[in-house]
Each structure stands twice: as structure tokens, then as C-alpha cells.
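Let me begin by presenting the structure, written as C-alpha cells, before commenting on it.
The values are calculated or read from the model by the stated rules, or taken from the named source; none is laboratory data. Every value quoted in this text rests on a predicted model; they were computed, and no experiment measured them. With ideal geometry, Cβ positions are generated from the backbone for all residues, glycine too; neighbour counts draw on all protein chains shown. These accessible areas exclude ligands, DNA and RNA; they are computed on the full protein's heavy atoms, side chains included. Shrake-Rupley method; radii C 1.70, N 1.55, O 1.52, S 1.80 Å.
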Amino acid sequence: MGAGAAGFVEGVTVTGVRATARIGAREDGRGGTALPVLEGEGPIALRRTRGSGSQAHVMLVGAMSGPLGGDHFTVVADVAEGARLRVGSAAATIALPGQTKGEARYDVRLSVADGGELRWLPEQLISAGGSDLCVGTQVDLAASARLVLREEQVLGRVGEEPGRLTSRLTVRIAGRTVLDQELVCGPGAPGGWDGPAVLGGRRAVGQLVVVRPEFATEPAVARVIGDTAAVTPLAGPAALVTAVAPDALRLRRVLDEALVTLEGSPAERTA
């Protein structure tokens, strides 16, 4: 990580830290997935861990706290044709207030080519009191690409009011936008974000996007999961699960249950 440390020094400005991490996954020609690009920078370290079958595994490791006010972190992952990649994180990300005024940004840019697969499964993002974070996730998929993407946000630590959190998720398949949604919570957010039509007083919110070519002929069925989650088929071979919960543990249980159902057989997906 010597080069990454140097990049970190160069990325410190009077308005915060700038850091970009990059992952590139390619078929290795032996039935597995190689990672010719695995570049962490500053507060974002990348570690390859033991994979399974043809799938490569990468962990995002936070080398310091943040993002803080004024910081701008970016993670870029590119999965080439036929490659399979799973990305997780070693711990939750905590957005904190910083000495620099202004919002922090955390951008995620993901692309998957035909026949490629990406499982993007980081731990929760926690919006601590006094923080101001804008998260933007943009996903570009080829027509036959596969995706499992999970996002979980927790508003405030235990006994704490949340900071301001703006989260936007955009998914395109073969150049066509199938999902573009934004949620703004916390101080200064438009009225009603904590009301019964949105969070209903709950402090954990999440979404799960599943893209499978099989959905083109056997689409997911719209349904409610429990009292606070729903499955919505999207245009194209995709489905969206949205959920709210009192805490991160119960949110994860709901999203995990939905994922098992969506990745099961057609009979299981309509159960």
C-alpha cells in the first residue's frame, strides 16, 4: 500500500480528502477470475480474500474514519465478460461530521459486461449525528450481465439523531435506465421523510437490486414481505426490494430472505 499512501497525501486538500479505489475483474483463462486492477488509495484499502469456484472476492477496508465533511471517496469496479466478482466490506462505514463545512460524497461506479456477474454486498452505512453525506451509486450492465446489489443505511448510532443523508441509486441495462431513485433523510430533508409514507419512525432502510437474464422469461412477482418490505419487478430482467426496519440486524434479515427467494427456482420466486 505504499503507492496508496502516497496517493492519500496528494489527495488531502483544504476542503477534505479525495480518494479513489479501483477494481478490475477479468477471466483468467483457467475457469477463474483474475484481478488485474486492485488499487486502493488513502482511506480506502482493498484486499483480495479467498474466493469460491470461479468467483473472486474483494474486501473494502477502511484505513481511517470517515467520510468526514468535505471528503470525496470514489470506488470503481469493472467486471469484464465472463468474470465473476463479489465485493464486501470489513465493517460498517460511518459518516461523521468534520472540521470542514460542507457535505461529504461517496460515489460508487459499477459496470458489468455480457456474461459477467457482480455481487456488491458491503456492510451498512451509518449516518452519525451532525454528518452530511451524499451517496451516489451508478450501475451500468450489459444485456446478459448479472447483479446482486445491496445498500443498507442506518440513521444515527444508538440513542443519537441522524445526520443528513442523501442516497441516489441508478441502474442501467443495455443503456436503458431501469431504476433511478433518491432518498433524503435527516436534518434539512424535505418534510415527511420520517412519516408513515416513508420510514414511519424506523431508523434502518435498505434496497436490494437483483438482475438475472432469467427474469426476462420468468419475471419476479410483486409482493409484500412482512409488514415493511416489498418486491417490485423492474423493466428489463430485474427486481427491486425495498425495506425499512427498526435496526440494522432486522433489516439484514429481511433483505437476506428476499435474496434467497429471488435467486431460487421460478416456483420459489413466486411463492
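Here are some notes:
- Model label points for Val260 and Met59, set 7 angstrom from Cα along the Cα-to-Cβ axis, are 2.5 nm apart.
- Surface share of carbon and sulfur [accessible, 1.4 angstrom probe, percent] for the chain: 52 percent
- Distance between the 7 Å Cα→Cβ label points at Asp227 and Asp28: 4.9 nm.
- Descending Cα extents along the principal axes, the range 103-246, whole Å: 45, 32, 24
- Cβ-Cβ distance of Glu182 and Glu214, R₀ of 41 Å, FRET efficiency by 1/(1 + (r/R0)^6): the value works out to about 0.90.
- When the chain is described by a simple charge dipole with +1 on each Lys and Arg Cβ and -1 on each Asp and Glu Cβ, the residue from Gly226, Gly53, Leu149 located farthest towards its positive end is Gly53.
- Farthest positive-ward along the range 39-171 dipole, Cα basis, beta-carbon charges - from Gly42, Leu118, Cys134: Leu118
- Computed over the range 66-120, the ratio Rg/Rh where both radii use C-alpha atoms and Rh is Kirkwood: 1.14
- Heavy-atom surface of the chain, accessible at 1.4 Å and reported per residue (Å²): 45 Å²
- Neighbour cut-off at most 15 other Cβ (10 Å), DSSP loop, trypsin sites (Lys or Arg not before Pro), the range 134-192: Arg157
- Calculated SAXS-style log₁₀ I(q)/I(0) at q = 0.10 Å⁻¹ - the range 27-180, Debye, Cα scatterers: -0.38
- Rg and Dmax [Cα atoms of the range 13-75; Å; Rg one decimal, Dmax integer]: 14.4, 47
- Translational diffusion coefficient (Stokes-Einstein; Kirkwood radius from C-alpha pairs) of the chain at 20 °C, 1.002 mPa s, in µm²/s: 112 µm²/s
- Loop-located GluC sites (Glu not before Pro) in the range 20-107 whose Cβ has at most 10 other Cβ within 10 Å (DSSP): none
- For the pair Ala91 and Thr170 in one chain, pulling the backbone fully straight at 0.36 nm per residue adds 26.0 nm over the alpha carbon distance.
- A crude spin-label estimate for the pair Glu160 and Gln138, with each label 7 Å from Cα along the Cβ direction, gives 3.1 nm.
- Quotient of the Cα radius of gyration of the range 99-151 and 2.2 N^0.38 Å, N being its number of residues: 1.47.
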